[in-house]
1. At least 3 residues that are at pLDDT below 90 and under 14 Å from Val97 (Cα atoms) in each: list the helices (runs of 4 or more DSSP H) lying fully within the stretch 1-64 that qualify.
2. So, Val152, is that one at pLDDT below 90 and either among the β-branched types (Val, Ile, Thr) or crowded, with 18+ Cβ neighbours inside 10 Å (or both) or not?
3. For the stretch 32-69, give me the residue count where each residue is open to solvent by 40 Å² or more (accessible area, probe 1.4 Å) and without any contact (Cβ under 8 Å) to a residue 24 or more places away in the chain.
4. Out of everything in the stretch 73-115 that is hydroxyl-bearing (Ser, Thr, Tyr) and farther than 21 Å from Asp53 by Cβ, what residue ends up being most open to solvent (accessible area, probe 1.4 Å)?
5. In this structure, does Lys163 turn out to be closer than 24 Å to Met108 by Cα and open to solvent by 70 Å² or more (accessible area, probe 1.4 Å)?
6. Output the residues belonging to the stretch 122-136 that are of a type in the set (S, T, N, Q) and either farther than 15 Å from Ile161 by Cβ or open to solvent by 80 Å² or more (accessible area, probe 1.4 Å) (or both).
7. What are the residues in the stretch 70-85 that are among the aliphatic types (A, V, I, L, M), free of Cβ contacts under 8 Å to residues at least 40 places away in the same chain and farther than 15 Å from Asp42 by Cβ, if any?
8. Would you mind finding the one in Lys147, Lys141 that is part of a helix (DSSP H, G or I) and modelled with pLDDT under 95?
Amino acid sequence: MTVANSVSMSQSIAGRYAQAVFEITKEDGGLDALAQQAADLDAALQDSAELRDLITSPIYSRDQQGRAIAGIADKMGLSPVLKNTLQLMSNNRRLFVLPQLINALLQMIATERGEMTADVTSAIALDDAQLERLKTTLAGKTGKKIKLNTRVDETLIGGMIVKLGSQMIDGSVRSKLASLQNVMKEVG
């Protein structure tokens, strides 16, 4: 099995679990709580090497994983639907797809809410007014609510790169200089 096949299989497995959690939670009207819980789980995965090890390492038994994930779910105050899903994933030795499950859930919730996420990389940190203008501009172009994920990359020299769905808008000085350099090579 190739790496691409295993990634695709993981996304497929996670997608089925995510769809079930999403549908049940949507019926119960708990999408806002689910969004927060998914974000909290994502933060816990980012912050805890032990949690990442628990979900990926084969040295933990089903029972050990099940007890640990139940304890984590209780401590985090996860909904019964999400907790039961994590338990089921543990019993089926599928906890390794938890990051993909979280991403799928957050994507489904954003789509349901009419939201889109834009990844913005800028040369300097943007102030609140600039962020609001960017949100308004992108919302006008897409007709959706925009959530921004921002980061600073000083190597851009100036400007920014915006990724919105499958679109990428590169307005960085670095890319403009590279384009100019290519044009000059063609001329000379």
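The values are calculated or read from the model by the stated rules, or taken from the named source; none is laboratory data. Just so it is clear, the structure is predicted and the values come from calculations on it, not from any experiment. Quick reminder, even Gly has a Cβ in these numbers, built from the backbone with ideal geometry, and neighbours come from all protein chains shown. Surface areas here come from the heavy atoms of the whole protein model, side chains and all, with no ligands, DNA or RNA. Shrake-Rupley method; radii C 1.70, N 1.55, O 1.52, S 1.80 Å.
1. Working: elements: 3-28, 31-47, 49-56.
The qualifying helices (runs of 4 or more DSSP H) are 3-28.
2. Details: at pLDDT below 90: no; either among the β-branched types (Val, Ile, Thr) or crowded, with 18+ Cβ neighbours inside 10 Å (or both): yes.
Considered against the rule, which asks whether it is at pLDDT below 90 and either among the β-branched types (Val, Ile, Thr) or crowded, with 18+ Cβ neighbours inside 10 Å (or both), Val152 comes out as no.
3. Within the stretch 32-69, the first condition is being open to solvent by 40 Å² or more (accessible area, probe 1.4 Å), and the residues that meet it are 32-33, 36, 39-40, 42-43, 46-47, 49-50, 52-53, 56, 58-64, 67.
Retained after the next criterion (residues that are without any contact (Cβ under 8 Å) to a residue 24 or more places away in the chain): 32, 36, 43, 46-47, 49-50, 52-53, 58-61, 63-64, 67.
So the count comes out to 16.
4. Kept after step one, since they are hydroxyl-bearing (Ser, Thr, Tyr), are these residues of the stretch 73-115: 79, 85, 90, 111.
Keeping just the survivors that are farther than 21 Å from Asp53 by Cβ gives 79, 111.
Numbers: Ser79: 31, Thr111: 91 Å².
The selected residue is Thr111.
5. Numbers: closer than 24 Å to Met108 by Cα: yes; open to solvent by 70 Å² or more (accessible area, probe 1.4 Å): yes.
Yes; evaluated as a whole, the condition is true for this residue.
6. Initial filter on the stretch 122-136 (of a type in the set (S, T, N, Q)): 122, 130, 136.
Passing the criteria: only Thr136.
7. Pass one, the stretch 70-85, residues among the aliphatic types (A, V, I, L, M): 70, 72-73, 76, 78, 81-82.
Pick out the ones that are also free of Cβ contacts under 8 Å to residues at least 40 places away in the same chain and you get 70, 72-73, 76.
Correct list: Ala70 only.
8. Working: Lys147 fails: part of a helix (DSSP H, G or I).
None of the others qualify; the one that does is Lys141.
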